[in-house]
Amino acid sequence: MCQKDIDEKREFTSILVLKRMTSQTCDDCLNLFETIGKNHCSNCFKNSELEQCQDCLDWERKGNKVNHKSIYIYNQAMKTYFSLFKFQGDYLLANQFSADLRKSLKYYKDYTVIPIPISHQRMKTRRFNQVEALLEAAKIPYKNLLEKRDAVSQTTKTKKERLSSEQVFKLKEGVDIPMKVLIMDDIYTTGHTIFLAKQILQDFGVKEIVSFSLAR
């Protein structure tokens, strides 16, 4: 990381600490985040892809159709945001993108929003599910249909290791199965987590599944 990146990270962190209690994101913060532009993969919203990206083509060859949307690029500012919010436990930062999420997800009113769960072990250390926190801050209703078994964190894995990960989700007992589902995650990296969740839901009869994340 160059000195400019370090200085920007320090500035960004200071801004978040000072401004996180406000209802709107300050201009200084907004300038550090990058929204996904018009030129993006039509399937997964990867930035600067005019058609389908290679990741989506690879998924299609495996028989998986990608239908995903995101709002922001996972740049250094977003990485720092999730470091503070997700890993250092600054729960109030869940409010940072509430307006953006409400605006984007209003087009999915006939879908049941299903957040990607975290394992029991992760819940003990983090004390909250960051995806649920984002949805609750945005006042978006959701249902918990899935559970996740304890496993090695995806953030510690290489791309190859992520794509080869075994099934970690299961359906909760006694839940009603909706026919249209939106799977919500915080960050879309390889898409493997989404497809593991999607596989479980399809196995139990869900007919239409799309996915969404704050960052890509």
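The values are calculated or read from the model by the stated rules, or taken from the named source; none is laboratory data. These numbers were taken from a predicted model, which means no experiment stands behind them. Cβ sites come from the backbone with ideal geometry, for glycine too, and all protein chains shown count toward neighbours. With ligands, DNA and RNA removed, areas are computed over all heavy atoms of the protein, side chains included. Shrake-Rupley method; radii C 1.70, N 1.55, O 1.52, S 1.80 Å.
Assorted remarks:
- In terms of accessible area, using a 1.4 Å probe and ignoring ligands and nucleic acids, Y72, Y142 rank largest first as Y142, Y72.
- Sequence-distant residues sharing a close amide H with L146 (under 5 Å, placed H): K172
- Take the range 22-133 with all the other protein chains still there, run a 1.4 Å probe, and you get 56 Å² of accessible area per residue.
- 3J(HN,Hα) from dihedral phi, the range 138-150, Karplus parametrisation 6.51/-1.76/1.60, rounded to Hz, x for glycine, proline: 8, 6, 9, x, 8, 10, 8, 9, 10, 10, 10, 7, 5
- Taken one residue at a time, the phi angles of the range 104-115 give Karplus couplings (6.51, -1.76, 1.60, θ = phi - 60°) of 6, 8, 5, 7, 10, 5, 8, 9, 8, 7, 10, x Hz. Gly and Pro are set to x.
- Solvent-accessible area of S70 with every protein chain in place, 1.4 Å probe, in Å² to the nearest 10: 10
- Computed from the C-beta positions of L171 and N31 and an R0 of 45 Å, the FRET efficiency is 0.60 to the nearest 0.05.
- Rounded percent of accessible protein surface that carbon and sulfur make up, the range 87-145, 1.4 Å probe: 50
- Heavy-atom SASA rank of E51, E34, E173 (probe 1.4 Å, accessible area, largest first): E173, E51, E34
- Whole-Hz ³J(HN,Hα) from phi, Karplus 6.51 cos²θ - 1.76 cosθ + 1.60, for the range 75-88, glycine and proline x: 9, 4, 4, 5, 4, 5, 4, 5, 4, 6, 6, 7, 9, 9
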